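This report refers to the structure that appears directly beneath it.
Every number in this text was worked out from the coordinates using simple rules, so none of it is lab data. Predicted model only: the values in this text are computed from it and were never measured. Cβ sites come from the backbone with ideal geometry, for glycine too, and all protein chains shown count toward neighbours.
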Amino acid sequence: MDVKTKRRTVVENGFDAGEDSVVATLIANRDDIGPLVRHAFEMGRPEGLLHELNYVVKKKEAEIEEMCKTHYEEFIVAVDDLRGVLVDAEELKGELHSDNIKLQQVGGALLVKLEELLESYSIKKNVTEAIKMLKNCIQVLELCVKCNNHISEGRLYPALKSLELLERSYLQSVPAKTLKMIIERRIPVIKLHIEKKVLSEVNEWMVEVRSSAKDIGQTAIGRTATARQRDEEMLEQQRKTEERSISGVWDLAYTLDVEEVDEDSVFNFDLTPLYRANHIHNSLGIREKFREYYYTNRLLQLNSDLEISSAQPFVESYQTFFAQIAGFFIVEDRVLRTAGGLLGADQVETMWETAVAKMTSVLEEQFSCMDSATHLLLVKDYVTLLGSTLGQYGYEIGTLLDVIDSSLEKYHQLLLEECRQQIVDVLRNDSYEQMVIKKESDYENSVLSFNLQTSEIMPTFPYIAPFSSMVPDACRIVRSFIKGSVDYLSHGVHANFFDVVRKYLDKFLIDILNETLLDTINGGNINVPQAMQIIANIAVLERACDFFLHSAAQLCGIPVRSVERPQATLTANAVLKTSGDAAYTVLMSLVNSKIDGLMNLTKSINWIPEEINENGNDCILEIIVYLRSIMITSQQILPLDTIYKVGSGAFEHITNSIVAAFSSDSVKRFNANAVTNIDHDLRILENFAEERFYSAGFGEIYNEGSFKSCLVEARQLVNLLLSNEPENIMNPDIWEQNYYMLDYKKIAAICDKFKDSPDGGIFGSLANKNAKQSARKKSMDVLKKRLKNFS
């Protein structure tokens, strides 16, 4: 078959020569004909490709045939050589077989040994792997044992760390699946057990710390009270030093005592269980759960602590109540600062606000029910100590102080009422006699301690004070009131509370002391000596007001010189002065009543005597005796101005009584003998008045008028009635000089009663004896006529 025939055949089958050359070239080059085959099938012409492949096969066969023909001889030679090689190979095979049999015979035993050796190597490998696995298991089991020991010994955190190490480093490499599964199942159980165990410890700690909270609070409050007392003593010492420096005594000594106290050594409570629990929960990854658990349970404990027991009065349980709260928040402050975020500041603030709200409610309710100032003060003091104690830890105490301040008026009402009863008892039990002090210590306690002394020289004993025992007793009550007021206002919302203390001090002196004195004065149950003693007592109390003010200033911690200004004085000074005047009025009323009882001139004397009594009427002598006793007694206890007022008042009342007797409707008429007798009485009174005036030492003090001048109206009336020319009173100059105290209308009524005796009248009988008496009668008649015309 020639080429043309072949080509024609290919073309007839759909392939041209180009394709023929392409297929042949690809095959010759050992290239991939896959694309060409894919293309033929895609074109739907695979038959042509098959014919072409057959063509290529036939072509290669022809080439092989041609090559075989070309190398035929060489091939024959090669075949012969091959046959020779086969013979050699057979011989070699036989030799090899023989050698093999020998080798088998020789190496059989070695082969057995080799197999045994290989088996030993395999066992060794397995044993090595087993030992490695066992070591891992032993380490895991040792960790498990160690974890169990930690748990049994209560060392929960090391146990938890063992579990973490087991999970992180060993559990994944445990070859024993069963052991691994067991450990994987037990780890959550152990963690839960640790969590429950540590929570149990926390619960026990919370129970223990709650039972210790009262002692913690009492210890802290006790330290605050000690520090407060130390500060007050230091301020008192500083005040005394300043006063000595002002007075020129420079004896200054300052000391600074710094006391450092370890809080942990003072407060006996341990937070280790709480720290451990917090750390363990943090390691377990449930810290927030524990924080909420702790906060919730502590809040429940706080609410329980804030409940007031009705089985015990509040005044008996308030210290326990507040100490428990103080201890609670001292613990929580330590937890906040040292427990690593276990408790948040906002949570502590919430608990504090809850406590403050409850304490505020309790205080308001209890204060409203209290009827004792002492009880209220005790609670207030403890609350301020509580506030000061917790204020050191940063807790806001303003609301508690506001509650105390809101009860200020209630406290002072109770205090005033208690002091009122004490003052009433003091006045009721007072003897109204001058106090006799027998020794120096009593003098210091009753006089010097209240600055009541009138001289800086220590008197001789026994010393008779110008006041009764009521004065020092009342001063002690006032001083206790001041201290009570200062005690309540101290450590409160008022930084400078002196004005408040002064207001209530004024209220006490005016509404209590002064009103009680007025009730005694106006009660109508006192006599002259008692009235005089009350006047003396009031004068001393009035003087003591400055001491009260200074005492209040000292207790309030302000300079005494700041209250020595005139505008700083107490209103009670003026009020007590007014009460002293009221007591003086009562005294004069009593004295005048006694004088009226002794005089009673309209009944005790004869207004138309036939003879003159030059020795004076008995009633006047009794009055002098009475006035002498009054004046002597008053000189012992009353101030000079009051003594002068008592004497002046008594003599003025006597002169008014004499004039009133002449004007009385009971006296229808009187004669010259009666006037002369009264003139004798008046001279006796004038002499007595002069003697008492100068013996009392008034001569150098009251130059403007003596006691005698208080009798001038009666003297001018008697002089007029005994005058030879009574009508001269109508002369303005003579009236101004000699009769300025007399009233024309009153004189007219009196002169109408001045008549002769029935047998011709006194002036008629005297006219027969003496022409001078007749002239006096004529002058009196002229005066009567002129007075009638004047009226």
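Report which label in [x] 2.38; [y] 1.32; [z] 1.01 holds the value of Cα Rg over 2.2 N^0.38 Å derived from the coordinates of this structure. Matching the structure shown: [x].
Taking the number of Cβ atoms within 10 Å of each Cβ as an exposure proxy, the fewest-first ranking of ILE654, ILE101 is ILE101, ILE654. Once you put a point 7 Å from the Cα of GLU307 and another 7 Å from the Cα of ARG155, both along the Cβ direction, what distance in nm separates them? For GLU307 paired with ARG155, the spin-label model returns 4.3 nm. By the count of other C-beta atoms within 10 Å, a proxy for reagent exposure, LYS289, LYS645 are ordered fewest to most as LYS289, LYS645. About its Cα centre, region 74-175 has a charge dipole of approximately 1320 debye under the convention of +1 per Lys or Arg Cβ and -1 per Asp or Glu Cβ, with nothing else charged. Expressed as a fraction of 2.2 N^0.38 Å, the value expected for a compact globular protein of N residues, the C-alpha radius of gyration of region 557-679 is 1.56.
Loop-located GluC sites (Glu not before Pro) in region 128-237 (DSSP state not H, G, I, E or B) with no more than 13 neighbouring Cβ atoms inside 10 Å: GLU153.
Taken one residue at a time, the phi angles of region 220-227 give Karplus couplings (6.51, -1.76, 1.60, θ = phi - 60°) of 5, 5, x, 5, 5, 5, 5, 5 Hz. Gly and Pro are set to x. Using the Cβ-Cβ distance between SER666 and LYS439 with R0 set to 56 Å, the FRET efficiency from 1/(1 + (r/R0)^6) comes to roughly 0.45. Among the listed pairs LYS594/LYS645; LYS708/LYS788; LYS191/LYS214, those with a Cα-Cα distance over 25 Å are LYS708/LYS788; LYS191/LYS214.
In region 491-578, the convex hull through the Cα atoms has an average projected area of 6.3 nm², a quarter of its surface area.
Compared with the alpha-carbon gap, the fully stretched path from ILE138 to LEU114 is longer by 5.1 nm at 0.36 nm per residue. A cut-off of 5 Å between modelled amide H atoms, ignoring neighbours fewer than 5 places along the same chain, links TYR463 with ILE437, LYS438. Going by a ≥ b ≥ c, the root eigenvalues of the Cα gyration tensor, does region 36-110 fall in the rounded group (a/c under 1.5), the prolate group (a/b larger than b/c) or the oblate group? In terms of gyration-tensor shape, oblate. For region 589-790, the Cβ-based charge dipole about the Cα centre amounts to some 720 debye (Lys, Arg positive; Asp, Glu negative; other atoms uncharged). Remark: the GLU65-SER361 segment gains 93.9 nm on full extension, using 0.36 nm per residue and subtracting the alpha carbon distance. Take the Cα of ASP371, step 7 Å along the line toward its Cβ, and report every residue of region 308-339 whose backbone nitrogen sits under 18 Å from that point. What the label zone holds, given the 18 Å backbone N cut-off, is 313-316. The per residue volume of the convex hull around the alpha-carbon atoms of region 322-457 is 176 Å³.
Could you estimate the translational diffusion coefficient of region 74-175 from the Stokes-Einstein equation, with Rh from the Kirkwood formula over C-alpha pairs, at 37 °C and 0.692 mPa s, in whole µm²/s? So the translational diffusion coefficient is about 164 µm²/s. Fewest neighbouring Cβ atoms within 10 Å first, the residues ILE280, ILE138 line up as ILE138, ILE280. Checked against a 19 Å cut-off, the cross-linked pairs LYS410/LYS503; LYS603/LYS785; LYS161/LYS197 give Cα-Cα distances beyond that limit for LYS603/LYS785.
Estimated from the Cβ-Cβ distance and a Förster radius of 51 angstrom, the FRET efficiency linking LYS124 and LYS197 is about 0.60. Each residue of region 729-739 was assigned a 3J(HN,Hα) from its phi angle through the Karplus expression (A = 6.51, B = -1.76, C = 1.60, θ = phi - 60°), giving 4, 6, 6, x, 5, 5, 4, 5, 8, 10, 9 Hz with x at Gly and Pro.
Given +1 at the Cβ of Lys and Arg, -1 at the Cβ of Asp and Glu and no other charges, the dipole of the chain around its Cα centre is 2620 debye to the nearest 20. Between ASN600 and GLU316, the modelled labels are 6.6 nm apart [label points 7 Å from Cα along Cα→Cβ]. Projecting the Cα positions of VAL486, ALA661, SER468 onto the charge dipole of the chain (unit charges on Cβ atoms of Lys, Arg, Asp and Glu, taken about the Cα centre) puts ALA661 furthest along the positive direction.
Per-residue ellipticity at 222 nm computed for the chain from its helices equals -25500 deg cm²/dmol, with DSSP H segments shorter than 4 residues left out and the rest contributing -39,500 (n - 2.57).
For region 181-190, the Karplus equation 6.51 cos²θ - 1.76 cosθ + 1.60, evaluated at θ = phi - 60°, returns couplings of 5, 4, 5, 4, 6, 7, 4, x, 5, 5 Hz by residue, with Gly and Pro reported as x. R0 = 30 Å: FRET efficiency of MET458 with GLN636, Cβ-based, nearest 0.05? Using R0 = 30 Å, I get an efficiency of 0.90.
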